[in-house]
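The values are calculated or read from the model by the stated rules, or taken from the named source; none is laboratory data. Since the structure is predicted, the reported quantities are computational estimates derived from the model, not experimental observations. Cβ placement follows ideal geometry from the backbone for every residue including glycine, while neighbour counts extend to all protein chains displayed.
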Amino acid sequence: MREVCINKKLTSFKILDFEDLIDSNKITTFHKDKQIHKRISYKFWKKIVETMTNLPLIEKISLCEQIWNQMDNRHCFHTLTQSRFDLESLALCLKESNGCRREE
């Protein structure tokens, strides 16, 4: 849940967060893999995840979550939409790094 001030009232709303995509090591995405593979954000996160090849999945998830949260908190993605696209791209990279086959 995030809170935002709208018309001088604090309003809570649910947004896509890291835990929404990764639940008990099961990684899900909302768009098709083929769509995500075309994103610039996918290429960005793929390089980062590939450097962690020797780590167990749980450690990869933890490190990537810290990186993504830091970037999101500092508004590095500039828009909420781009932030969510990057999060989904990261989730797919983590899923594929765990030996899951790519969807064609």
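Worth pointing out:
- First in the range 74-103 and among the basic types (Lys, Arg), second anywhere and at pLDDT below 85 and outside any loop (DSSP other than H, G, I, E, B), Cβ under 6 Å, 6 or more apart: 95/27
- Which numbered condition residue 52 misses (of (1) outside any helix (DSSP H, G or I); (2) touching a residue at least 40 places away in the same chain (Cβ under 8 Å); (3) loosely packed, with under 15 Cβ neighbours inside 10 Å): (3)
- Selection count where residues are among the β-branched types (Val, Ile, Thr), assigned to a helix (DSSP H, G or I) and over 12 Å from residue 97 (Cβ atoms), scope the range 25-49: 2
- When the residues of the range 68-100 are filtered to those that are under 14 Å from residue 31 (Cβ atoms) and hydroxyl-bearing (Ser, Thr, Tyr), the one that is surrounded by the fewest Cβ atoms within 10 Å (Cβ to Cβ) is 81.
- Considering the conditions (1) assigned to a helix (DSSP H, G or I); (2) surrounded by 15 or more Cβ atoms within 10 Å (Cβ to Cβ); (3) over 12 Å from the mean Cα position of the chain (by Cα), residue 65 is excluded by exactly one of them, (3).
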